[in-house]
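The values are calculated or read from the model by the stated rules, or taken from the named source; none is laboratory data. This one's a predicted model, so the numbers in the text were calculated from it and none came from an experiment. Backbone-built Cβ (ideal geometry, glycine too); neighbour counts: all protein chains shown. Areas reflect the complete protein model, heavy atoms only, side chains present, ligands, DNA and RNA absent. Shrake-Rupley method; radii C 1.70, N 1.55, O 1.52, S 1.80 Å.
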Amino acid sequence: MTMHTHTLGTTGPQVSALGLGCMGMSALYGDADRAESIATIHAALEAGVTLLDTGDFYGMGHNELLIGEALRTAPAARREQALVSVKFGALRDPDGGWSGYDGRPAAVKTFAAYSLQRLGVDHIDVYRIARLDPAVPIEETVGAISELIEKGYVRHVGLSEVGADTIRRAAATAPVSDLQIEYSLISRGIEDEILPTTRELGIGVTAYGVLSRGLISGHFTGDRKLAANDFRAMSPRFQGENLQHNLNLVEALRKIAEQKGASVAQIAIAWVLSRGAQHGNDIVPLVGARTRERLAESLGALDVTLEAADLAAIEDAVPAGAAAGERYPAAQMAHVER
């Protein structure tokens with residue numbers, strides 16, 4: 001495995017070809033092992049992964065504290081290479097419920113102050129609101145991030161889960177490094193309008209959910225029992241007939257993986273990488289590995305080369321729109337700008 005680096009868009013930082021999404025180490029996928037989580041972050045840094053992605057609402061701040069601890073205990077050279085991307089704005093209650101999003105400038109600056117403290121850093125490399133606040137123009141939210149950049153607390157403006165019009169309005173307000181958005185073999189809705197827009201404007205894409213929360217990893221089984229604190233227990237794609245349909249897609253993908261001498265997860269990640277390779281490597285997948293074993297598997301995708309025939313076979317096995325069920329329950333899909 002050789003770790004290459006790419007620049008996020010035309011104005012963003014140089015980052016590793018794969019990033020590490022840290023959410024599952026703190027929330028939404030059931031219980032996690034703190035020691036193993038920190039060891040996984042250390043292993044990622046050692047392997048040359050530089051981009052760590054989090055949100056201030058993951059575990060109500062727990063994830064930022066975890067990353068902060070991992071950075072403090074990493075070798076100095078590895079700590080200095082780390083770039084942290086933070087999502088903000090999601091409002092939670094003590095029961096773990098969701099109460100909308102807050103993109104007001106004063107709130108943006110407050111969120112940033114707490115994140116800097118929890119992470120134990122003097123700046124955040126990429127800062128983005130997790131979902132559009134419908135009550136606040138994106139120009140105001142991005143403007144507040146720009147003020148934080150002027151003061152040295154943030155390096156770059158990012159976006160998350162917004163549509164083409166919002167992307168254009170944000171980019172007209174300040175340089176935008178990247179759009180973070182779900183993109184995988186079974187989540188391809190960005191291809192029609194959003195990807196052409198980011199490419200026109202020179203904005204990179206950090207793709208999360210590249211394994212669709214483990215669904216297309218090759219490790220998920222139909223009889224798996226999910227914990228009460230695992231949000232996949234309520235995710236439409238993991239329910240009943242939807243789940244069986246989607247696992248059938250995985251089995252079709254497994255046949256291709258076996259022919260390539262790779263795992264299903266590696267093929268799925270390599271496919272996302274291939275979509276960016278056609279356009280100056282403008283897509284950086286975020287892998288949500290929670291253990292060193294899963295991290296090593298994900299990193300192996302960098303050594304998988306997909307030829308034209310492979311890509312055609314993958315397209316036949318898992319064509320666009322093949323998945324059954326939405327990627328979030330209806331209440332959460334309402335916050336995703338389409």
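A few comments on the model shown:
- Residue in region 25-63 that is farthest from Ala233 (Cα to Cα), counting only those that are out of contact with any strand residue (DSSP E or B) (no Cβ under 6 Å at 6 or more places or on another chain) and of a type in the set (Asp, Glu): Glu46
- Residues of region 166-201 classified as acidic (Asp, Glu) and touching a residue at least 12 places away in the same chain (Cβ under 8 Å), total: 4
- Of the residues in region 89-105, not one is open to solvent by 30 Å² or more (accessible area, probe 1.4 Å), among the aromatic types (Phe, Trp, Tyr), out of contact with any Pro (no Cβ under 9 Å at 6 or more places or on another chain) and part of a helix (DSSP H, G or I).
- One residue stands out in region 213-225 among those that are surrounded by fewer than 15 Cβ atoms within 10 Å (Cβ to Cβ) and farther than 13 Å from Gln239 by Cβ: the one that is nearest to the chain's Cα centre (by Cα), namely Thr221.
- Wholly within region 1-67, strands (runs of 3 or more DSSP E) carrying at least 1 residues that are closer than 14 Å to Ala289 by Cβ and out of contact with any helix residue (DSSP H, G or I) (no Cβ under 8 Å at 6 or more places or on another chain): 14-16, 19-21, 51-55
- Against the test of being at pLDDT 95 or above, under 30 Å from Ile149 (Cβ atoms) and under 15 Å from the mean Cα position of the chain (by Cα), the options Ile283, Ile194 yield a single qualifying residue, Ile283.
- Taking the criterion of being assigned to a loop (DSSP other than H, G, I, E, B) and either open to solvent by less than 10 Å² (accessible area, probe 1.4 Å) or out of contact with any helix residue (DSSP H, G or I) (no Cβ under 6 Å at 6 or more places or on another chain) (or both), the residues of region 201-212 that qualify are Gly202, Ile203, Gly209, Val210, Ser212.
- A search for C-beta distances below 8 Å between a residue of region 76-103 that is over 24 Å from Thr50 (Cβ atoms) and any residue that is small (Gly, Ala, Ser) and open to solvent by 50 Å² or more (accessible area, probe 1.4 Å), counting only pairs 6+ apart in sequence or on different chains, returns Leu91/Ser99; Arg92/Ser99; Asp93/Ser99; Trp98/Ala331; Gly103/Ala135.
- In region 162-200, residue nearest to Pro13 (Cα to Cα) [restricted to those that are touching a Gly at 6+ places or on another chain (Cβ under 8 Å) and part of a helix (DSSP H, G or I)]: Thr198
- Long-range neighbours under 8 Å by Cβ, at least six apart or interchain, first residue of a type in the set (S, T, N, Q) within region 276-305, second open to solvent by 50 Å² or more (accessible area, probe 1.4 Å) and at pLDDT below 95: Asn281/His4; Thr291/Asp33
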